[in-house]
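The values are calculated or read from the model by the stated rules, or taken from the named source; none is laboratory data. These numbers come from a predicted model, not from an experiment. As a convention, Cβ positions derive from the backbone with ideal geometry for all residues, glycine included, and neighbour counts pool all protein chains shown. To get the accessible areas, we keep the full protein, side chains included, count just its heavy atoms, and leave off ligands, DNA and RNA. Shrake-Rupley method; radii C 1.70, N 1.55, O 1.52, S 1.80 Å.
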Amino acid sequence: MTTKIIVGNLKMNLITLSERDGYLKLLKSEIKKLKNDGSWELILCVPFVHLDFFSKNLKGKNIYLGVQNIFWDERGSFTGEISPVMARECGAKYSIVGHSERRRYFKENDQEVNKKIKVAIQSQITPIMCIGETSDERKEGLTKDVISRQLLDGLEGILPLQSEKIIIAYEPVWSVGSDIEPESNEIMEVRILVRKLLTQKYGEAVAGKVKVLYGGSVKSKLIKKVCFNPQMDGVLVGRESLVPVNLIEIVQSFSQC
Ligand code: 13P
């Protein structure tokens, strides 16, 4: 049985302590409905300030915590930034890196993404590397070029053994937060491209171990679309992860795929 990975990206939500507490309570009661048979792994990427709290209060087999970003160095005079070591020490095992919202609003480029991936691995944080084309790039037929550039530049200098630890998340920017869903063949084409590029760079054995997820307007209804044909290893969920019952429904539908 393959384990499906479901990542919840809470983004800048749960903005009060009471929202945080209410969310955790609901989530815990929903999690009780899940069969812990190894068919799923849930990674909740919480806001930094809630990490320690979730780490102390949300425990369970196959449930892990992550953050939504890290800085590209471990320590130093970088006012306002969060070191991957800080995140790890507070309970994170994963970090999203290069999310399209960071690329868009904070102008993160592939070289920064690359540095963050390297420091994450060095600090024992598994990077969830986001790649995806914008709506304009898609219209201009540039999807493959963009995916190839983001993937290869982001993985520059990463050794085969290190690459096995990376999770790739294909998140077409036009689908993030929009309710516009790609067709399963579009998802499939990107999965095939990612596998091909990873195989060319690292060989088939290593490439086969890298998990590839889909993200963008994921709802439990969409699971079949990203599950059967494109055979994705998991999903990265934004809005729906804010409603525990919906998030757990996604875990249930995916683990039955
Ligand atoms: P939505 O699921 O809200 O479209 O967000 C996707 C996302 O950005 C996950 O990282």
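A few comments on the model shown:
- Among Asp179, Asp233, Asp73, the largest mean-square fluctuation in a Gaussian network model of the chain, built with springs joining Cα atoms closer than 10 Å, belongs to Asp179.
- Using every pair of separate Cα atoms, the Kirkwood estimate puts the hydrodynamic radius of the stretch 1-71 at 12.9 angstrom.
- Exposure rule at most 15 other beta-carbon atoms within 10 Å, DSSP loop chymotrypsin sites (Phe, Trp or Tyr not before Pro): the chain longest free segment: 107-227
- With all protein chains modelled, accessible area of Thr79 [1.4 Å, Å²]: 140
- Counting Cα-Cα pairs of the stretch 40-146 in 10 Å increments starting at 0 gives whole-percent bin shares of 15, 42, 28, 13, 2.
- The chain, relative contact order [Cα under 8 Å, separation at least 6], %: 21
- Taking amide H as placed 1.01 Å from N in the peptide plane, the amide H of Gly8 sits under 5 Å from that of Ile43, Leu44, Cys45, Val237, each at least 5 places away or on another chain.
- Here is the short version for the chain: Cys45, Cys90, Cys130 have no other Cys C-beta closer than 4.7 Å.
- Three principal axis extents describe the C-alpha atoms of the chain; from largest down they are 46, 45, 35 Å.
- Stokes-Einstein diffusion coefficient of the stretch 138-257, Kirkwood radius over Cα pairs, 25 °C, 0.890 mPa s, in µm²/s: 164
- Heavy atoms of Arg104: accessible area, 1.4 Å probe, square angstrom to 10: 150
- Relative contact order %, the stretch 133-257, counting alpha carbon pairs below 8 Å whose residues are six or more apart: 25
- Taken over the Cα atoms of the stretch 210-257, the convex hull encloses 66 Å³ per residue.
- Per residue Cα convex hull volume in Å³ - calculated over the stretch 40-97: 71
- Accessible area of the stretch 12-143 belonging to carbon and sulfur atoms, whole % at 1.4 Å probe: 52
- Annotation note: trypsin sites (Lys or Arg not before Pro) in the stretch 1-74 located in DSSP loop regions with a Cβ neighbour count of at most 13 within 10 Å are Lys32, Lys33, Lys35, Lys59, Lys61.
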